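Just so it is clear, none of the values below were taken in a lab; they were calculated from the coordinates. A quick note: this is a predicted structure, and the numbers were derived from the prediction, not measured. In this analysis, Cβ positions are derived from the backbone assuming ideal geometry, glycine residues included, and neighbour counts consider all displayed protein chains.
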């Protein structure tokens, strides 16, 4: 459960460390208010995780959830296993149950948004990223929001969030990983990606001069950033 998940968006491979870091663990010390059968299934789950046997881990979690249906940590661990194994519809269903109990569960909002995105349902993913950002001010969620808004042709909202991103105090330390043409992955400053997005938005709304400036700003930071190079070349055609 300590993997760093890689999520794809518009050709960008983005590391969502918070999903892995926030994977919740059930209690590890028996207490008097839990039955022996609970601790048997809990030990089953932990041993399965130890040996990377996710099918058995899911089986143990099903039993634990049946014993404690209101325990959102158990359901979150189940949703995480679904997501880590590309079972996106199951991830969404598990997260729906969590969010019905706790509408502000940050992990469930993030997993659900990412699962919708993996299924190409960007209009479903966006509201969850928006709520996640409202609750946490998470820079990664805002970044995702801006790209989804661009893809959904919500250019005004996207432009506002680009401005917020560029003014964000954490932006200078944030990086993203892009898939290059040869399928190799390369890390760039997040600011480069955001400036490139600003250029794309301005192309769509017909402001070529601002688009050119944004692409050139991105290349001033990372001269080898291929997307900005390509977009600038198209703009000059």
Self-check item: segment 153-237 - percent relative contact order, Cα under 8 Å, separation 6 or more
Solution: 22 percent
Quiz item: On a 0 to 90 degree scale, rounded to 10, what angle separates helix 106-118 from the longest Cα axis of the chain?
Solution: 60 degrees
Exercise. Note the listed values (1) 20.6, 73; (2) 16.4, 48; (3) 17.6, 62, then indicate which one is Rg and Dmax of the Cα atoms in Å calculated from this particular structure.
Key: (1)
Quiz item: Hey, what did segment 40-110 get for relative contact order, percent, Cα under 8 Å, at least 6 apart?
Solution: 22 percent
Quiz item: Remind me, relative contact order of the chain in percent, using alpha carbon pairs under 8 angstrom and six or more residues apart?
Solution: 13 percent
Self-check item: Calculated [θ] (222 nm, deg cm²/dmol) that DSSP helices of n ≥ 4 give over the chain, each run adding -39,500 (n - 2.57)
Solution: -20500 deg cm²/dmol
Self-check item: segment 59-107: C-alpha gyration tensor shape, a/c 1.5 cut-off, then a/b vs b/c
Solution: oblate
Practice problem: Give the peptides 130-136, 72-78, 106-112, 37-43 in descending order of average Cβ contacts within 10 Å, highest first. | Solution: 106-112, 72-78, 130-136, 37-43
Quiz item: Once the piece of chain linking residue 235 and residue 187 is laid out straight, how much longer is it, given 0.36 nm per residue of separation minus the C-alpha distance between them?
Solution: 14.8 nm
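What does the C-alpha gyration tensor say about the overall shape of segment 153-237? Classify as rounded when a/c is under 1.5, otherwise prolate if a/b is larger than b/c, or oblate.
Values: a/c = 1.75, a/b = 1.09, b/c = 1.59.
Because a/c hits 1.5 or more and a/b fails to exceed b/c, segment 153-237 counts as oblate.
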